[in-house]
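Step one of this worksheet: look at the structure below.
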């Protein structure tokens with residue numbers, strides 16, 4: 001694992017020196033760079049844990065964790081392949097058909113095929129059970145109509161893994177009747193509208209589906225079991241290093257700023273100690289997956305909630321250290337990274353599940 005980490009670090013140093021990327025915060029969400037994804041795929045750093053027959057290396061989840069930590073810490077643009085690598089690939093390996101795996105996983109591992117995730121919908125907040133996007137049987141497949149929002153990088157992705165309703169809602173079983181379909185984002189009837197961030201950046205989208213035909217071969221798993229499949233995906237989504245390393249570049253800049261400021265070392269130390277705790281929790285999830293266990297939803301919820309709170313606290317502390325008006329085009333890296341983080345921070349506690357939902361999950365598990 002240490003050798004792998006050093007190889008990634010050396011590659012990133014060379015790529016940055018050559019001008020192939022500039023470090024940015026939140027790079028797993030906003031850094032859409034197909035060329036970088038193809039470079040990483042060529043080096044075997046996408047789909048690392050997947051079987052070799054599908055383009056993977058059968059590496060451990062701990063090995064993947066080391067690679068992802070280095071990429072995020074360097075602020076490398078990894079958004080193009082992120083969802084394919086983090087959750088769609090593992091979901092297809094668990095629930096997908098042999099045909100889906102053979103067709104989709106190899107180009108995903110090469111960094112050439114990109115996915116967006118279609119869970120959230122307008123006016124439903126974090127309540128996935130209230131999904132209204134509907135799929136009705138059609139000859140050889142389904143006709144899908146509805147709207148998905150916060151579909152990160154759908155404007156650059158090839159496919160959408162969408163949670164849809166394939167059976168009428170049962171008030172007594174709110175999670176029944178949901179299924180997952182793979183939707184071609186270039187199919188007739190698909191329209192992608194940009195949702196701009198506070199900084200003017202474009203990675204969020206609204207995806208409107210109007211009578212879109214999806215063939216039967218694009219159903220993932222068993223129709224009606226989409227809820228269970230999505231819950232398994234969320235374990236991968238909530239527990240990774242991206243939940244506490246999105247602003248690591250800013251934290252490192254703070255450490256450099258505090259080098260000759262003894263008065264800043266105590267608050268910096270408190271932030272780093274929280275980071276180390278979160279890293280242990282996240283690494284524990286990777287170890288449990290390597291051992292064949294299903295990640296604990298309580299642990300994954302804690303990583304997400306505590307991690308995003310830490311990131312917001314990093315931004316607040318950095319702002320106290322450097323009063324003024326930092327800008328995205330500032331010459332000083334500290335000011336640039338702080339400006340980016342300030343504009344992205346409002347979304348930290350929303351994406352992947354709101355803090356209130358996550359804390360409710362933990363409370364119920366503890367019998368509170």
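The values are calculated or read from the model by the stated rules, or taken from the named source; none is laboratory data. A quick note: this is a predicted structure, and the numbers were derived from the prediction, not measured. Here the Cβ positions follow ideal geometry from the backbone for every residue, glycine too, while neighbour counts run over all protein chains shown.
Data overview
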{"item": "Residue in the range 256-267 that is in contact (Cβ under 8 Å) with a residue 60 or more places away in the chain and within 20 Å of residue 28 (Cα to Cα) present", "result": "no"}
{"item": "Strands (runs of 3 or more DSSP E) wholly inside the range 71-161 containing at least 1 residues that are under 19 Å from residue 50 (Cβ atoms)", "result": "115-118"}
{"item": "Test: residue 282 is touching a residue at least 40 places away in the same chain (Cβ under 8 Å) and not assigned by TED's automatic domain parsing to the domain that holds residue 333", "result": "no"}
{"item": "Selection within the range 16-36 - within 16 Å of residue 68 (Cα to Cα) and not in a loop (DSSP other than H, G, I, E, B)", "result": "27, 28, 29, 30, 36"}
{"item": "Flag if residue 303 is more than 28 Å from residue 257 (Cα to Cα), touching a residue at least 40 places away in the same chain (Cβ under 8 Å) and under 23 Å from the mean Cα position of the chain (by Cα)", "result": "no"}
{"item": "Residue check, residue 187 outside the structural domain of residue 350 (by TED's automatic domain parsing), under 28 Å from residue 303 (Cα atoms) and either crowded, with 17+ Cβ neighbours inside 10 Å or touching a strand residue (DSSP E or B) at 6+ places or on another chain (Cβ under 9 Å) (or both)", "result": "no"}
{"item": "Selection status of residue 214, part of a strand (DSSP E or B), under 30 Å from residue 173 (Cα atoms) and in contact with a strand residue (DSSP E or B) (Cβ under 6 Å, 6 or more places away or on another chain)", "result": "yes"}
{"item": "Odd one out for residue 194, checked against (1) in contact (Cβ under 8 Å) with a residue 40 or more places away in the chain; (2) assigned to a strand (DSSP E or B); (3) under 22 Å from the mean Cα position of the chain (by Cα); (4) surrounded by fewer than 17 Cβ atoms within 10 Å (Cβ to Cβ)", "result": "(1)"}
{"item": "Filtered residues of the range 296-317 (kept if crowded, with 20+ Cβ neighbours inside 10 Å and under 19 Å from residue 366 (Cα atoms))", "result": "300, 301, 302, 303, 304, 305"}
{"item": "Among the candidates 327, 367, 292, 352, residue that is outside any helix (DSSP H, G or I) and either surrounded by 18 or more Cβ atoms within 10 Å (Cβ to Cβ) or touching a strand residue (DSSP E or B) at 6+ places or on another chain (Cβ under 9 Å) (or both)", "result": "352"}
{"item": "Test: residue 286 is more than 14 Å from residue 235 (Cα to Cα), surrounded by 15 or more Cβ atoms within 10 Å (Cβ to Cβ), at pLDDT 85 or above and under 21 Å from the mean Cα position of the chain (by Cα)", "result": "no"}
{"item": "Sole exception among (1) in a helix (DSSP H, G or I); (2) surrounded by 22 or more Cβ atoms within 10 Å (Cβ to Cβ); (3) touching a helix residue (DSSP H, G or I) at 6+ places or on another chain (Cβ under 7 Å) for residue 68, by number", "result": "(3)"}
